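Participant: Okay, here's the structure, questions in a sec.
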Amino acid sequence: MTRVPGDPGPLRWLRFAFGFRLPPENVHWVRHELTDPGWRWRTVLRHLVVILPICAIVVVVLEVFLPAAPWVSVMMVALILSGSREMSR
């Protein structure tokens, strides 16, 4: 993958994924990230970076702290993933 001018690097990209603003020098990269071809896949990737740690916490809580069957954890993760995408629109 080619780098776009103003590419923020991995740590700033994570901040961007979590909703923080980037400095003005990244404006061209943000425009590319949100509008150029492939923007849908990049949006899904940013969304997964945010929501998968939450799913991991839910699985740990259900498996370790509550006496829940494994299928309950799977269904909770599926519910979180299916509902969270709609909420972020």
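The values are calculated or read from the model by the stated rules, or taken from the named source; none is laboratory data. Fair warning: this is a prediction, and the values are worked out from it, not measured in the lab. We place every Cβ from the backbone using ideal geometry, glycine too, and count neighbours over all the protein chains shown. Heavy atoms of the whole protein, side chains included, go into the accessibility calculation; ligands, DNA and RNA do not. Shrake-Rupley method; radii C 1.70, N 1.55, O 1.52, S 1.80 Å.
Participant: Leaving ligands, DNA and RNA out of it, rank 81, 52 by accessible area with a 1.4 Å probe, largest first.
Facilitator: Result, largest first: 52, 81.
Participant: What part of the accessible area of the chain, given as a whole %, is carbon or sulfur when the probe is 1.4 angstrom?
Facilitator: The nonpolar share, carbon plus sulfur, comes to 72 percent.
Participant: What trypsin sites (Lys or Arg not before Pro) does the range 1-87 have in DSSP loop regions with at most 11 other beta carbons within 10 Å?
Facilitator: Sparse-neighbourhood loop trypsin sites (Lys or Arg not before Pro): 3, 21.
Participant: Excluding ligands and nucleic acids, what accessible area in Å² is computed for residue 33 using a 1.4 Å probe, to the nearest 10?
Facilitator: So the heavy atoms of residue 33 present about 10 Å² to solvent.
Participant: Under 1.5 on a/c is rounded, so check that first for the range 1-47, then, if it is not, pick prolate when a/b is larger than b/c and oblate when it is not; a ≥ b ≥ c are the square roots of the alpha carbon gyration tensor eigenvalues.
Facilitator: On the way: a/c = 1.55, a/b = 1.11, b/c = 1.40.
In terms of gyration-tensor shape, oblate.
Participant: Report which label in (i) 94; (ii) 118; (iii) 149 holds the value of volume of the Cα convex hull per residue in Å³ derived from the coordinates of this structure.
Facilitator: (ii)
Participant: Tell me the angle of helix 39-60 to the major Cα principal axis of the chain, expressed in degrees between 0 and 90 and rounded to the nearest ten.
Facilitator: With rounding to tens, the tilt is 30 degrees.
Participant: Would you mind checking the tilt of helix 70-87 against the longest principal axis of the Cα atoms of the chain, expressed as 0 to 90 degrees and rounded to 10?
Facilitator: With both axes taken from Cα atoms, the answer is about 30 degrees.
Participant: So what is the calculated 222 nm ellipticity per residue for the chain, using -39500 (n - 2.57) for each DSSP H run with n of 4 or more, over all residues, to the nearest 500 deg cm²/dmol?
Facilitator: Helix contribution divided over all residues of the chain: -21000 deg cm²/dmol.
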